[in-house]
Structure formats: C-alpha cells, structure tokens
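Input: a single structure, listed below in structure tokens.
Coordinate-derived values only; no laboratory data. Note that the structure is predicted; figures quoted are calculated from it, not measured. Neighbour counts run over all protein chains shown; Cβ positions are idealised from the backbone, glycine included.
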Amino acid sequence: MQTMMSTLLGAFAGLVVLIGLGMAVFGLIRWTSSRSLANAGHRATGVVVDNQMVSRQERGLTFRPVVTFRTADGEDVTTTILQPRHRSYVVGRSIEVVYHPNNPTKADLAEGYRSIGVPSALGGLVIAAIGIGFFFLIQSATDSAPTVPGFSSNAPQYPTNVTLPPNFQTGFPTFR
C-alpha cells in the first residue's frame, strides 16, 4: 500500500512539474514572439473602437481592445489586441500599436511587449520547482532516496534479521 501511494504521489508530482514547465515554455514563447514583433514590426497609432470581454474563472473578467489603425501601406485594419487587462479600454482613445508588416491583423500594444509572457514563465518555473520539491519530499518520506541510473547507493546496509540473546540488556528499565 505504501509503495502504491508513493507511486501515485510521485506521478502527481511529475504532473505538477510538467504543467509548470509547460507554462514556462508557453510564457517564453509568448515573450520572444512579442519581442520579435516589437523589434521587427511597424508602429502605428490606432483608435480603440470596442472592447472584447473575456470571462475566465481563474482570472475573472478581462478586456481586450479592438483597435483600428492604418498601416504604412495605407490599409485600414481592425483587429483585437490579445493582451488582456482587468479594466476596459476607453473607446475613442488613441493607442500605439505594433503590427507584423506581412500580417497587420497580428498586432500588439507597443508599450506592453516587455512583460507579456514573463509572469507565465516565472510562475511556471515556480510551479515546477514546487513539484520537484514535492517529489523529493515523497521520496524521503518513504525512506527510499531517489535513484539515478548508473549510480549506486553507498549507504550502509544494516541487517534486519538479528536475534538478540535472551539475557541482552537494553538499558531500559523493565517493569514486571
């Protein structure tokens, strides 16, 4: 029973580590994508024409601005910015966007690219570290240290089937 429980807990810890690493990878991809758009994209001043409301149980209600702007080629583009926030954007407000020159509908806020993805990446690393710590805690609680392939344990092995002589004194008082 003990080994089955420790196996299930170890699998849970592994799942937590995988979820944390997945979050970290997602955040890193989002951050690098945002950085490359900020570096190679074109800037334009747009106008907020609407707000797209997104309701998520874990984050509550968030808003994404719907922005209309004119590209360097003179094309008018209306797109939804994917960077959410907890307050709605003021309709009619001018806002600077950065857009992909070959796909202007792929746009982001010009001032917000630095932090996109960073909280997800850092949060994912923290969750992965918690999962790893939980894994080692489970291993130490079951008295079986984690094994690494190719390495052997040098811990002393104590015999478990020792029979003590009948007149052996433990040093503890006996009550009769």
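Where in region 34-84 are there trypsin sites (Lys or Arg not before Pro) that are in a DSSP coil and have at most 13 other Cβ atoms within 10 angstrom of their Cβ?
59
Grab the other residues whose beta carbon is less than 13 angstrom from that of residue 50, score K and R as +1, D and E as -1, and report the net.
With Lys, Arg at +1 and Asp, Glu at -1, the net is +2.
Report the full-extension gain for the segment residue 94 to residue 21: residue separation times 0.36 nm, less the Cα-Cα distance, to one decimal in nm.
Full extension from residue 94 to residue 21 adds 22.5 nm.
Okay, which of region 35-77 sit inside 13 Å, backbone N to the point 7 Å along the Cα-Cβ direction of residue 103?
Of the residues in region 35-77, 37 have backbone N under 13 Å from the label point off residue 103.
For residue 68 and residue 52, calculate 0.36 nm times their separation in residues minus their Cα-Cα distance, and state this gained length in nm to one decimal.
Extra length available between residue 68 and residue 52 comes to 4.4 nm.
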